[in-house]
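The values are calculated or read from the model by the stated rules, or taken from the named source; none is laboratory data. All figures in this text were calculated on a predicted structure; none of them were measured in a lab. FYI the Cβ positions are ideal-geometry reconstructions off the backbone, even for glycines, and counts take in every protein chain you see.
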There are 4 protein chains.
Amino acid sequence: MRIAMFGATGYGGTEAMRLLCERTDVEVAWLGSDRLAGCPVAEALPQFAGTAMGELRFSPQQEARELSQVDVALLALPHGEARMLVPTLLQQGIRVIDFSGDFRLPDDVYAAWYGSELGAYDGPSPVYGLPEVYREAIVGAQLVANPGCYATCAELALLPLVESGLALTDRLMIDAKSGVSGAGKKPSSGTHFVEVQESVRAYKVGAHQHTPEIEQVLAATVRRRRPCANDEMDATADAPVQVLLTTQLLPVKRGIYLTAYVPLKEEMSAETLQSLYEERYREEPFVRINPYGASAEMRHVIGTNLCEISVHLDRRTQTALIVATIDNLGKGAAGQAIQNLNVMFGRSETLGLSMLPWM
Amino acid sequence: MRIAMFGATGYGGTEAMRLLCERTDVEVAWLGSDRLAGCPVAEALPQFAGTAMGELRFSPQQEARELSQVDVALLALPHGEARMLVPTLLQQGIRVIDFSGDFRLPDDVYAAWYGSELGAYDGPSPVYGLPEVYREAIVGAQLVANPGCYATCAELALLPLVESGLALTDRLMIDAKSGVSGAGKKPSSGTHFVEVQESVRAYKVGAHQHTPEIEQVLAATVRRRRPCANDEMDATADAPVQVLLTTQLLPVKRGIYLTAYVPLKEEMSAETLQSLYEERYREEPFVRINPYGASAEMRHVIGTNLCEISVHLDRRTQTALIVATIDNLGKGAAGQAIQNLNVMFGRSETLGLSMLPWM
Amino acid sequence: MRIAMFGATGYGGTEAMRLLCERTDVEVAWLGSDRLAGCPVAEALPQFAGTAMGELRFSPQQEARELSQVDVALLALPHGEARMLVPTLLQQGIRVIDFSGDFRLPDDVYAAWYGSELGAYDGPSPVYGLPEVYREAIVGAQLVANPGCYATCAELALLPLVESGLALTDRLMIDAKSGVSGAGKKPSSGTHFVEVQESVRAYKVGAHQHTPEIEQVLAATVRRRRPCANDEMDATADAPVQVLLTTQLLPVKRGIYLTAYVPLKEEMSAETLQSLYEERYREEPFVRINPYGASAEMRHVIGTNLCEISVHLDRRTQTALIVATIDNLGKGAAGQAIQNLNVMFGRSETLGLSMLPWM
Amino acid sequence: MRIAMFGATGYGGTEAMRLLCERTDVEVAWLGSDRLAGCPVAEALPQFAGTAMGELRFSPQQEARELSQVDVALLALPHGEARMLVPTLLQQGIRVIDFSGDFRLPDDVYAAWYGSELGAYDGPSPVYGLPEVYREAIVGAQLVANPGCYATCAELALLPLVESGLALTDRLMIDAKSGVSGAGKKPSSGTHFVEVQESVRAYKVGAHQHTPEIEQVLAATVRRRRPCANDEMDATADAPVQVLLTTQLLPVKRGIYLTAYVPLKEEMSAETLQSLYEERYREEPFVRINPYGASAEMRHVIGTNLCEISVHLDRRTQTALIVATIDNLGKGAAGQAIQNLNVMFGRSETLGLSMLPWM
């Protein structure tokens, strides 16, 4: 399998390169960058010195119009850029995994939340790259929209309760925290060590662009769950899915940690809640459900493609608290992209993806 | 004013010593510690070398039975110990500010949440040491129960909405994060640098002992607000106050940061919400309301006695998000104790308390 | 005393403002900034909201040509800028404390180490603002060159051994580490949280511009020490002072920590070494000598104007190891500037300067 | 290859388990622990849940007397314990890699620096497990003494200059810094997050137990280098090797970073110095020499088995500065043990060892 890589020098792209570097069944054959065109990869990214991909040179992005013998392209580009590149790639028969938000939402929803318009696109429909829900569609997908980091973690946290129909879905509160790599590599006062260390800061409160992505996946879940349109037994069946997402910057390099507050339709025991999650993810290699009451910890997932979840029931307020954590560059970006790659090309889904956290 | 200090070597106690050290209107005249009895203060706490209190020696705690010429005692002791000491202090006419949870709750509520029984107490009623609510009672108090750190921050965040009667009070979600000094000075695997750095961990989910303290203060607020028992116009007047508090450990030394999710009874504009908070705290020297939309930041309050609050309205879910942050050793412990001391003894309330954060 | 401030928004300048803010004997009366001209101070620096200086507005720097009723100017500007401003200030009878390197070195030495030429200057001689050596000259100085952060720490570490004539001065090795605020407020990849956290990086190895500053102060010390030019008993009297300074960036916000390796001319006991340091600094309020063997710790000085020193003798190699630490924004910049201000204007030298570290 | 593991729950032992876990050519077949005897491995170390070694249970250490079908034992035990276990293992024909200091030094030197006596040992001579020097001996070794973390880094930094005879070896200054995992997993006030974060602290100044280990390796190098005992041309040939090692604790989880100050016998150019290092390590897979002047960075080696070195020449003082960094749990402990394992058993030396750092 030959891979073309776009955006290798951002945090997500470099992590994808790291994960691919030690595999023998794939070859990163081409790397695009206008800014670095002609520069040896190992010069811009010294950690790859001595590896095959370190020997390559960056190519100008216009070469993307004529890539020979490439099976799949990974795009880790700023929002808006993938839209312009993807059609020409697909036309050459190259399958695409896109890290950006360009193919995750209807265009009008994108414009409302990202604050900019996307170019038109009329190619094959993108498949949302969350294997825990869309595995079958990913197998045959030409274009996979790799999910957002907050979105991945929130969706995995909420899916079992929403799928089961036990949650009141119109007021799902998600209090989410992210490491600084989530803010990208470009220096700014907001990522300056002195401003971040020993502090916490909320941002985009109630306005984060991953909100509609989460709502869309959960709403599709609600629709799937409904056996028939006339299901009169379920009075809340048409309740909208509404998510309130609070995002906060933490003084850590990597990692997302969130708590989802889920009001329940009716009384539930802790055992039922725990079973619901264990059952839902029993076959999923990358989702770990902790024993009841053992809180998820961010350090358990850093460096891996895991999502660790702990469930907690607050009897007094009949609220389920779901705590979930991922590595924003692992399951939240590059790891998940590799997982999708494995699924798309019939490889073992866990190939090249660690389940043992760094310490 | 002469002060006796108990528990000077814990984080809260040492911070109180630091705040008192440069004041000329008070004298720390006696320090109790059985473990360190006889030891010079500057030996156990070298930063006080060269200061008057550094010259003192720790005294055995049994001397507390006969303290001469002491006006007030600060108790920064483990839960349960203050209960045993306070009566003998009050009998000597010494006023007391207690940092622990021993006098904040009815005994049965304490037992339920702290998991241990307190000794009996039948002295003068303790006053809850939150000057923003109980200033007048604190002036004359013999015994002040200094609030818990999470409780202080949560109460200041929620008071305006609860007092105004605009909040649905039976499902108040508080997602709170704390620095490691909140876990105390005793080494444990949970405070080991390697386990904390680059991680986050929830603990006591839905079971933190500050929960009933917050509910109690807010419930009293609801009662105060009600003009008469027969107020039939307010159908929710008897709604219980129920708080769901999630607490999480962050890799920072000091600081509490929380988001409170408050469902609203009826539609409200952002302007109204903002005004509500600005009005409520207009005269309060230690509560800062950010301009609408400018998220509170933890680093703005570290080293101070401030509480910084930002309010955010989520129109879609009709939820108010209140973000609040304090220094857990400042407004969350020692700073607030000094503020109470100032109030009790007719000093300027801001004396010796910084409003300029460390950088 | 009325103060004009230049460069208030950099880390050093803001810290000076913080230290001055709570003093009643001085008034920051004017703040210069071309970029922020007209902007209220509290808008650019919100922590000063509610203070007198927060009410001011920034003035264009050309107003510096005609400042009325200003006694002293603090300049916390980038290297090169102070050279241009200082003459016009001195001509108005305004005394100056300059934080930059513009007046610390002969012009040719400056050019060699800073890599740029300074404008000509022929006003009154600057006095090097290290009170522990030049206190008397500072009292009457019109222009004080506030020392560099590394230089302050290294000089205080080495002075006793160099003054005493017991050190071999031609190969003084200084291994120094600094917090990120030393790199300034401007965002860059080198100060990005993700690049700094969990890492260490040496920079300007053997080429740091504070090197000649240290050598100059120590060489002056050697000259002062020599009773006469013909002192034949001291064969090494003419040995040059040569310093090898290694500087390293640490994942902390503030603080300098260094180890100086000092080869000794002859055998020395640990007691002698310890006494030498204790005697030299006995009267200095801001230099603390630890008991022998108790290593200096950075956290003991953060937030203060202290320099903490521990001395260690390695008998096998006859080398003295001097460990010293300061807060780079305290004794290494703003704190020392305030100390100089106090000395220049006959105030108590410790006024407004903390000796109690943050925790 | 079947492996028995002792001390799996310490930081070094767990890291070795992590490195071994994904290999298919080895099997961790037995884990010893008296404290955890009978406990499933995945219960004590949850990250191994779902792996083969996670399914095992800890065995009492006395079973070490009769281990069936074990080829090699890894011992990550506190100092002193390996001495007692190793003979019985060797007698069963089990080869041993010991992480501790028990077999690195002559017994009297050990006693002088570690402050305790070792039990007698008269088995086969241990081989010092630094493959870059002792690779051939390691191939056939029954017992490999895995080097100390500081020692590994210092030796790799100094070897080229000492082997070449160009260094003055009697006053080698090494200023070394370590992450907190180097202090072990046992909680103490010295590893409490609040005491470590935003601070630096020197410890065991000039007295660290890795000092004689470094001297021993370098002295052997000097001896090897000398062509004959009567080499009268080299007046310094008999100069002792003396190392002054300063160790400091940094607020990072993992990593060692050190600067070695090496006085040179005669003038040398930067090019010569650079070539010397490049030549020496040209064939070494785990030693990286940076381009001249590009300082080594700790983050480049974390998570790998690499040692990154940058060389710097200070012309004025004729001193070579060698900056070197390793991951204390990688090349400083578990990684190097696995490297030794690979050498001992004829595997590819880089098998299972990463050269791509975490980000």
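Within the range B:334-352, being touching a helix residue (DSSP H, G or I) at 6+ places or on another chain (Cβ under 6 Å) and either modelled with pLDDT under 95 or part of a loop (DSSP other than H, G, I, E, B) (or both) holds for B:349, B:351, B:352.
With respect to (1) surrounded by 18 or more Cβ atoms within 10 Å (Cβ to Cβ); (2) touching a strand residue (DSSP E or B) at 6+ places or on another chain (Cβ under 9 Å); (3) closer than 28 Å to residue D:349 by Cα, the lone exception for residue D:58 is condition (3).
Can you name every residue in the range A:182-203 that is more than 19 Å from the chain's Cα centre (by Cα) and of a type in the set (A, V, I, L, M)?
A:194, A:196, A:200, A:202
Scanning the range C:182-203 for residues that are out of contact with any helix residue (DSSP H, G or I) (no Cβ under 8 Å at 6 or more places or on another chain) and either away from chain D (no Cβ under 12 Å) or of a type in the set (Lys, Arg) (or both), we see that the one that is nearest to residue A:359 (Cα to Cα) is C:188. Just checking, how many residues over the range C:1-54 are under 20 Å from residue C:79 (Cα atoms) and in a loop (DSSP other than H, G, I, E, B)? Adding up the residues that qualify gives 8. For residues that are within 19 Å of residue B:257 (Cβ to Cβ) and touching a Ser or Thr at 6+ places or on another chain (Cβ under 7 Å), scanning just the range B:182-203, find the one that is surrounded by the fewest Cβ atoms within 10 Å (Cβ to Cβ). Taking the candidates together, the pick is B:203. What is the number of the single condition among (1) surrounded by 23 or more Cβ atoms within 10 Å (Cβ to Cβ); (2) closer than 21 Å to residue A:339 by Cα; (3) not aliphatic (A, V, I, L, M) that residue A:135 does not meet? Residue A:135 satisfies every listed condition except (1).
Residue A:58 meets the conditions (1) under 15 Å from residue A:13 (Cβ atoms); (2) part of a helix (DSSP H, G or I) in every case but one. The failed one is (2). Just give me the residues in the range B:12-64 being among the basic types (Lys, Arg) and within 27 Å of the chain's Cα centre (by Cα), in sequence order. Hits for the range B:12-64 are B:18, B:23, B:35. Of all residues in the range C:281-299, those that are touching a residue at least 12 places away in the same chain (Cβ under 8 Å) and under 12 Å from residue C:322 (Cβ atoms) have Cβ atoms under 6 Å from Cβ atoms of residues that are part of a strand (DSSP E or B) and of a type in the set (Gly, Ala, Ser), 6 or more apart or on another chain, in C:290/C:310; C:295/C:310; C:295/D:202; C:296/C:310.
Comparison of B:78, B:106 shows that the only residue that is within 24 Å of residue B:39 (Cα to Cα) and of a type outside the set (A, V, I, L, M, F, W, C) is B:78. Return yes when residue D:311 is more than 8 Å from every other protein chain (Cβ to nearest Cβ), more than 20 Å from residue D:356 (Cα to Cα) and not in a helix (DSSP H, G or I) and no when it is not. For residue D:311, the condition - more than 8 Å from every other protein chain (Cβ to nearest Cβ), more than 20 Å from residue D:356 (Cα to Cα) and not in a helix (DSSP H, G or I) - is met. Residues of the range C:292-305 that are in contact with a helix residue (DSSP H, G or I) (Cβ under 8 Å, 6 or more places away or on another chain), more than 15 Å from residue D:206 (Cβ to Cβ) and either within 14 Å of chain D (Cβ to nearest Cβ) or not in a loop (DSSP other than H, G, I, E, B) (or both): C:299, C:300, C:301, C:302, C:303, C:304.
Whether any residue in the range C:60-81 is away from chain B (no Cβ under 14 Å), of a type outside the set (S, T, N, Q), under 25 Å from residue C:23 (Cα atoms) and free of Cβ contacts under 8 Å to residues at least 40 places away in the same chain is what I want to check. No, the range C:60-81 contains no residue that is away from chain B (no Cβ under 14 Å), of a type outside the set (S, T, N, Q), under 25 Å from residue C:23 (Cα atoms) and free of Cβ contacts under 8 Å to residues at least 40 places away in the same chain. Of the residues making up the range B:279-291, those that are under 23 Å from residue B:340 (Cα atoms) and either out of contact with any Cys (no Cβ under 8 Å at 6 or more places or on another chain) or within 12 Å of chain A (Cβ to nearest Cβ) (or both) number 8. Annotation: residue B:316 fulfils all but one of (1) facing another protein chain (nearest Cβ under 9 Å); (2) closer than 26 Å to residue B:139 by Cβ; (3) of a type outside the set (Gly, Ala, Ser); (4) surrounded by fewer than 19 Cβ atoms within 10 Å (Cβ to Cβ); the unmet one is (2). Just so you know, in the range B:321-359 the residues that are crowded, with 24+ Cβ neighbours inside 10 Å and more than 13 Å from every other protein chain (Cβ to nearest Cβ) include one that is nearest to residue B:11 (Cα to Cα), and it is B:332. Among the residues making up the range B:1-59, a single one is of a type in the set (Gly, Ala, Ser) and touching a Pro at 6+ places or on another chain (Cβ under 6 Å): B:37. Screening D:179, D:129, D:148, D:206 for residues that are within 22 Å of the chain's Cα centre (by Cα), surrounded by 22 or more Cβ atoms within 10 Å (Cβ to Cβ) and within 14 Å of chain C (Cβ to nearest Cβ) leaves exactly one candidate, D:179.
Take the conditions under 26 Å from residue D:272 (Cβ atoms), under 18 Å from the mean Cα position of the chain (by Cα) and away from every other protein chain (no Cβ under 14 Å) and apply them to residue D:156. Does it pass?
In short, yes.
The conditions of being closer than 23 Å to residue A:321 by Cα and either under 24 Å from the mean Cα position of the chain (by Cα) or within 11 Å of chain B (Cβ to nearest Cβ) (or both) are not met by residue A:166.
Just one of the listed residues (D:184, D:190, D:179) is assigned by TED's automatic domain parsing to the domain that holds residue D:255, modelled with pLDDT of 95 or more and on the phi > 0 side of the Ramachandran plot, and it is D:184.
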